[in-house]
């Protein structure tokens, strides 16, 4: 007798009614990506797959409070969804042709108990392949960035359109339209439900990693609204990054991204207060050491994977190495800014961008003095590429304040406050401006 058979014999777990709703929600967040991915492979239609998954969720909400949570909730949901697929096909006049097309995918154990006795519907490796395919479809470069983010959170994060809209402070119909248009674009462009190979894999992987990175960044430092952080988005991004490392164990940058997010997330409790708490002022005793250890381990895997391929560390691994340098310092004063500046030099060479150059200027200002950092910031400001970016005047204001040029610093902090759309960050910047005036 297998473990699955043994579980089926014991039947469903008893559960108190009020707690079942929370259980269903937790199961849905974990299982919905695999469920939808498996159904897309079967029905070859993203909308139909989502509808079938939602039908299975409704069935769970109806039955689990009454009968208890099954031993294998994911298998129960998949079995229920596949049965709904059969019912839907039977209502279609082309039933026979479509049923032959589905073949073994729709073979169900009709003798299994309807509740709690469902067998594992798919091979685990096949399930992971389905999930990987869904990741690459949802993050396809043919979609605009906002659509990729929304579709990823919907299909892989298990979020509702209302939750996505609330997280990004946009209207719910806007999110719904992005998702609908994304699906139509994927259908129109005939994007296959498959993992790319060769050069296409690198291009598409960059899009996948960027989407997860964007989701985390929005949670870590919200672009607008009253909240400085949105922890739920950070958690979703972390979960997606961890899934990617499992699906792509030989990809250095998948591990690099996971390392970066783990270490960054470790500071969450220390960086939030009535106003944002900058890194040098954070209570490092509040940093999450478990997440830091996970980040160090992921960074080691990124380095090992890069060496195995004979390639240099990628942009996410370099950013993770920078975060790791901060995490290793017992105090802000003991931070190895010379090493961090060197890492930013490498990052600027590997993935040049104005934002990277601004961060490099901060590191140089700490390693070589504020005058050296200010020179780099002024060079960057002369290009006008970051004119609307509030952190440019914020960094310039900090460097000016350290040089004792307080009147100029105050003006820069006030300009930064006027540019930001986040109310908590605006309050922090105005405090810095007032301190300069005082």
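List of remarks:
- Index of the failed condition, residue 140 passing every other in (1) at pLDDT 90 or above; (2) part of a helix (DSSP H, G or I): (2)
- Breaking point among (1) at pLDDT below 90; (2) part of a helix (DSSP H, G or I), for residue 1: (2)
- Matching residues, the range 337-380, being within 21 Å of residue 406 (Cα to Cα) and surrounded by fewer than 18 Cβ atoms within 10 Å (Cβ to Cβ): 368, 369, 371, 372, 375, 378, 379
- Pairing residues of the range 129-155 that are more than 19 Å from residue 196 (Cβ to Cβ) with residues that are buried (at least 24 other Cβ atoms within 10 Å of the Cβ) and modelled with pLDDT under 90, at Cβ distances under 6 Å and at least 6 apart in sequence or on separate chains, gives 150/164; 153/164.
Yes/no per residue for (1) touching a strand residue (DSSP E or B) at 6+ places or on another chain (Cβ under 6 Å); (2) at pLDDT 85 or above:
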site: 16; (1), (2): no, no
site: 24; (1), (2): no, no
site: 30; (1), (2): no, no
site: 35; (1), (2): no, yes
site: 44; (1), (2): no, no
site: 49; (1), (2): no, yes
site: 59; (1), (2): no, yes
site: 69; (1), (2): yes, yes
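- Residues located in the range 316-364, provided they are within 20 Å of residue 252 (Cα to Cα), free of Cβ contacts under 8 Å to residues at least 24 places away in the same chain and under 22 Å from the mean Cα position of the chain (by Cα): 321
- Of all the residues in the range 379-397, those that are without any contact (Cβ under 8 Å) to a residue 12 or more places away in the chain and on the phi < 0 side of the Ramachandran plot number 3.
- Among residues that are in contact (Cβ under 8 Å) with a residue 40 or more places away in the chain, under 21 Å from the mean Cα position of the chain (by Cα) and over 30 Å from residue 431 (Cβ atoms), residue 189 is not included.
- Test for residue 394: is it in contact with a helix residue (DSSP H, G or I) (Cβ under 7 Å, 6 or more places away or on another chain), surrounded by fewer than 16 Cβ atoms within 10 Å (Cβ to Cβ) and within 15 Å of residue 419 (Cβ to Cβ): no
- All of 175, 149 fail the test of being in a helix (DSSP H, G or I) and under 25 Å from residue 259 (Cβ atoms), apart from 149.
- Check on residue 254, surrounded by fewer than 17 Cβ atoms within 10 Å (Cβ to Cβ), in contact (Cβ under 8 Å) with a residue 12 or more places away in the chain, under 15 Å from the mean Cα position of the chain (by Cα) and assigned to a helix (DSSP H, G or I): no
- Test: residue in the range 409-416 that is in a helix (DSSP H, G or I) and over 15 Å from residue 432 (Cβ atoms): no
This table checks each residue for (1) in contact with a helix residue (DSSP H, G or I) (Cβ under 9 Å, 6 or more places away or on another chain); (2) closer than 22 Å to residue 29 by Cα; (3) surrounded by 14 or more Cβ atoms within 10 Å (Cβ to Cβ).
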position	(1), (2), (3)
181	yes, no, yes
188	no, no, no
212	yes, yes, yes
224	yes, no, yes
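- Flag for residue 393 being assigned to a loop (DSSP other than H, G, I, E, B) and under 30 Å from the mean Cα position of the chain (by Cα): no
- Verdict on residue 357 being within 30 Å of residue 169 (Cβ to Cβ), part of a helix (DSSP H, G or I) and either touching a strand residue (DSSP E or B) at 6+ places or on another chain (Cβ under 8 Å) or at pLDDT 95 or above (or both): yes
- Flag not set for residue 205, criterion: within 17 Å of residue 154 (Cα to Cα) and in contact (Cβ under 8 Å) with a residue 24 or more places away in the chain.
- Search result, residues across the range 299-336 that are surrounded by fewer than 22 Cβ atoms within 10 Å (Cβ to Cβ) and not in a helix (DSSP H, G or I): 310, 311, 312, 329, 330, 331, 335, 336
The values are calculated or read from the model by the stated rules, or taken from the named source; none is laboratory data. Source: prediction; values computed, not measured. All Cβ positions, even for glycine, are placed from backbone atoms using ideal geometry, and neighbour counts span all protein chains on display.
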